[in-house]
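Report on one structure; see the data block that follows.
Bear in mind that the values in this text are calculations on the coordinates, not laboratory data. Everything numeric here is computed off the predicted structure, so don't read it as measured data. Cβ sites come from the backbone with ideal geometry, for glycine too, and all protein chains shown count toward neighbours.
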Amino acid sequence: MPEVDLARSTRRELNAALHALLPETNETHWLVRNPGGQHALAAGINAPVTVEIDGHAGYYCAGMNQQANVIINGNAGVGVAENMMSGMVHVKGDASQAAGATAHGGLLVIDGNASARCGISMKGVDIVVKGSIGPMSAFMAQAGNLVVLGDAGEALGDSLYETRIFVRGQVKSLGADCTQKEMRPEHLEILAALLAQAGVEDSVTPEQFKRYGSARQLYNFHVDNASAY
């Protein structure tokens, strides 16, 4: 297992080594010690490896991730897993604003809470938050699934497109064009699979959640909706 101590090495050296990995590498599990909240750790990986960050990470950790499994044994700053394409990012603490922003694929799991704008403009990623999320989450979210085991803040799903939102707790308020929808069998199936991937299928059930989605009234401009844009 390669180990990188950021008290002795630089972030640039760490990321350069991870970027140089080939798909057939046998260095499949990396341990990063003393991250010290540095920004852009393990960003831009494109290899089927596991990178375990032993501590807190700063802004944009695991951004643009492809294939890799990135584990953060602490909290994550703004934009964790931003623009992720595939793979998995697991934050074992809390996440700051814009977790999973613009991400196209893969799975982001946050064991704690996520701050404002979680899943903003998400484009196909699946996000599971075991705690609660802040205001304006899933703003302009286009595709994928946002699962929240706790509560959601104000303006959930504002200007939503086709992302599915599942919330187990209370929703403070819904954003423009977001509405509660029927939980059909196919949604229960999707949710059950995501809960299993996040490792919480034994503690919660899909039937405990409510589903929210787009009312589809803002897809095309209409003067009667001008105040909502």
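Annotations
- Projecting the Cα atoms of ASN69, SER137, HIS104 onto the charge dipole of the chain, computed from C-beta unit charges around the Cα centre, puts SER137 farthest toward the positive end.
- Each residue in MET136, MET84 was given a count of other beta-carbon atoms within 10 angstrom of its own, and listing them fewest first yields MET136, MET84.
- Total charge dipole magnitude, the chain, about the Cα centre, Cβ charges on Lys, Arg, Asp, Glu only, Debye to nearest 20: 360
- For the chain, excluding the exposed loop sites themselves (GluC sites (Glu not before Pro), DSSP loop, at most 13 other Cβ atoms within 10 Å), the longest remaining stretch covers 28-161.
- The lysine pair tally for the chain, using Cα distances under 19 Å and a gap of 8 or more places or different chains, is 6.
- Which of VAL78, VAL125, VAL109 has the fewest Cβ neighbours within 10 Å, and the rest in rising order: VAL78, VAL109, VAL125
- Unit charges on C-beta of K, R, D, E only; dipole of the stretch 89-164, Debye: 160
- Cα extents of the stretch 3-215 along the three principal axes, largest first (Å): 52, 28, 28
- Per the Kirkwood formula applied to alpha carbons, the stretch 148-229 shows a radius of gyration over Rh ratio, Rg over Rh, of 1.04.
- Most mobile listed residue (ALA16, ALA143, ALA99) in the chain, GNM with C-alpha springs under 10 Å: ALA16
- For the chain, the longest principal axis of the Cα atoms and the long axis of helix 185-197 meet at an angle of about 20 degrees.
- In terms of surrounding Cβ atoms within a 10 Å radius of their Cβ, ARG12, ARG216 rank from fewest to most as ARG12, ARG216.
- Between the stretch 127-148 and the stretch 165-186, the alpha-carbon center distance in angstrom: 11
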